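Contents: one structure, followed by commentary.
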Amino acid sequence: MLELLAIVLGGIVTFVTRAIFLVSKKLRPPKRVERYLPLVGPAVLGAIAIPGILAPRGEISLVDTVPAVIAAVATWLGWKFTKQIAVGLIVGLGLWWAILAVMVAMGVER
């Protein structure tokens, strides 16, 4: 029960410290903090995506990592040339599924 209370209180404190800047026009984060805020989103995305690409099942293996890396590069290239996220995702997923289908046809174990 004490753990649940700590989690709830931690969530409330975290929410309030972030929301206070949204509801108050006078209160702004310090300039040193505000300068780094645009970097938070890409850093969090990288922290979530990179392990999922390099170690899809929790460890790096040739069978799992290579298709994921190739699909990620294809996704980026699809987006880079068209500037449309949906195209990049369709290209990447299509290539990833095709690689997995070829691997299954060849009898490669996952």
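Laid out as a table, the results:
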item	result
Mean Cα-pair separation over length for the chain, i.e. relative contact order, pairs under 8 Å, 6 or more apart, %	15
Charge dipole (the chain, unit charges on Cβ, about Cα centre) - positive-most of MET1, TRP96, VAL66	MET1
Protein accessible area in the range 13-59, 1.4 Å probe - carbon and sulfur %	71
Degrees separating the helix 2-23 axis from the principal Cα axis of the chain, which is the longest one	80
Whole-Hz couplings from phi, Karplus 6.51/-1.76/1.60, listed for the range 100-108; x for Gly and Pro	5, 5, 5, 5, 5, 4, 7, x, 6
Hits among aspartates and glutamates - C-alpha to C-alpha of LYS26 under 17 Å, sequence gap 8 or more where chains match	GLU34
The range 1-63: trypsin sites (Lys or Arg not before Pro) in DSSP loop, at most 12 other beta carbons within 10 Å	LYS25, LYS26, ARG57
Accessible area in square angstrom per residue, the chain, 1.4 angstrom probe	81
Mean ellipticity per residue at 222 nm, deg cm²/dmol - from DSSP H runs of n ≥ 4 across the chain, formula -39500 (n - 2.57)	-28500 deg cm²/dmol
Assigned charges on the beta-carbon of Lys, Arg, Asp, Glu; the chain dipole about Cα centre (debye)	880
Under the Karplus curve 6.51 cos²θ - 1.76 cosθ + 1.60, θ = phi - 60°, whole-Hz ³J(HN,Hα) for the range 82-94, x wherever Gly or Pro sits	10, 6, 10, 4, 4, 5, x, 5, 5, 4, x, 5, x
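The values are calculated or read from the model by the stated rules, or taken from the named source; none is laboratory data. These figures come from a predicted structure and were not determined experimentally. Reconstructed Cβ throughout: ideal geometry from the backbone, glycine too, with neighbour counts over all protein chains shown. Side chains are part of the model used for accessible areas, which takes the heavy atoms of the whole protein and leaves out ligands, DNA and RNA. Shrake-Rupley method; radii C 1.70, N 1.55, O 1.52, S 1.80 Å.
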